[in-house]
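Since the structure comes first, as structure tokens, the remarks are kept for the end.
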Amino acid sequence: MNSGVTFSKALSKKPHQEDSFAISFAPLSVTEIYELASDSKNGAVVTMSGTVRCSTDGKPVICLEYQAYEPMAMQVFYQIANQIRAHWADVNRVVIHHRIGRLSIGEISVLIAVGCPHRSEAFEACRYAIDTLKHNAPIWKKEFWEDGTSNWVSIGACEQSETC
């Protein structure tokens, strides 16, 4: 994975018209994301859904709050799509949508879908997208625990752990 992020004017626009990128307070729909990644040229559409879980390291969580620096986060989404296409040339569609705001247990926080002719490339590209997003996008989450305490989870913590 590329741990450094470099931006240029070329990345200021969505890489491909067929791709879809969003940061939203509104709930995310797996069906909508799948449809956005679907194309008659695809033999596979792989989706990844990140959901709010009920505990972290055995500590009961009651909800999460996500915040993002949206202009830069969108640039990271565009860069991820460009990097995917540079490595997996057959990719037809890349979809990256992320929630912000307060989310309850079980709600979807991030949806990624990659559509391409072959499943192996779709799986690899989808995994690359979520891993890169977690490390590079300026999106932060605050965990609220059952005991009344809370804590912001830093991006740097994700670089040290596979549990983010």
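The values are calculated or read from the model by the stated rules, or taken from the named source; none is laboratory data. For clarity, every value in this text was computed on a predicted model and none was experimentally measured. Cβ placement follows ideal geometry from the backbone for every residue including glycine, while neighbour counts extend to all protein chains displayed.
Structure values in brief
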item	result
Any hit, region 39-56, residues being acidic (Asp, Glu), more than 22 Å from Glu143 (Cβ to Cβ) and modelled with pLDDT of 95 or more	yes
Qualifying residue in region 115-129 (condition: modelled with pLDDT of 95 or more and more than 21 Å from Ser38 (Cβ to Cβ))	no
Residue match in region 86-96 (condition: under 16 Å from Pro27 (Cα atoms), under 13 Å from the mean Cα position of the chain (by Cα) and at pLDDT 95 or above)	yes
Conditions (1) touching a Leu at 6+ places or on another chain (Cβ under 6 Å); (2) at pLDDT below 95; number of the one not met by Pro15	(1)
Some residue of region 56-70 being farther than 19 Å from Glu35 by Cα, touching a helix residue (DSSP H, G or I) at 6+ places or on another chain (Cβ under 9 Å) and without any contact (Cβ under 8 Å) to a residue 60 or more places away in the chain	no
Criterion: surrounded by 13 or more Cβ atoms within 10 Å (Cβ to Cβ) and either under 18 Å from Ala137 (Cα atoms) or aromatic (Phe, Trp, Tyr) (or both) - qualifying residue of Ile112, Ile33, Ile105	Ile112
Unique match (being over 16 Å from Phe25 (Cβ atoms) and either at pLDDT below 95 or of a type in the set (A, V, I, L, M) (or both)) among Ile100, Ile139, Ile112	Ile112
Residues (under 30 Å from Asp147 (Cβ atoms) and β-branched (Val, Ile, Thr)) located in region 26-62	Thr51, Val52, Thr56, Val61, Ile62
Top-ranked residue of region 39-57 - restricted to ones that are within 18 Å of the chain's Cα centre (by Cα) and part of a loop (DSSP other than H, G, I, E, B), ranked as surrounded by the most Cβ atoms within 10 Å (Cβ to Cβ)	Val52
Matching residues, region 117-152, being part of a helix (DSSP H, G or I), more than 15 Å from the chain's Cα centre (by Cα) and hydroxyl-bearing (Ser, Thr, Tyr)	Ser120
Residue in region 145-154 that is touching a strand residue (DSSP E or B) at 6+ places or on another chain (Cβ under 8 Å) and under 22 Å from Pro15 (Cα atoms) present	no
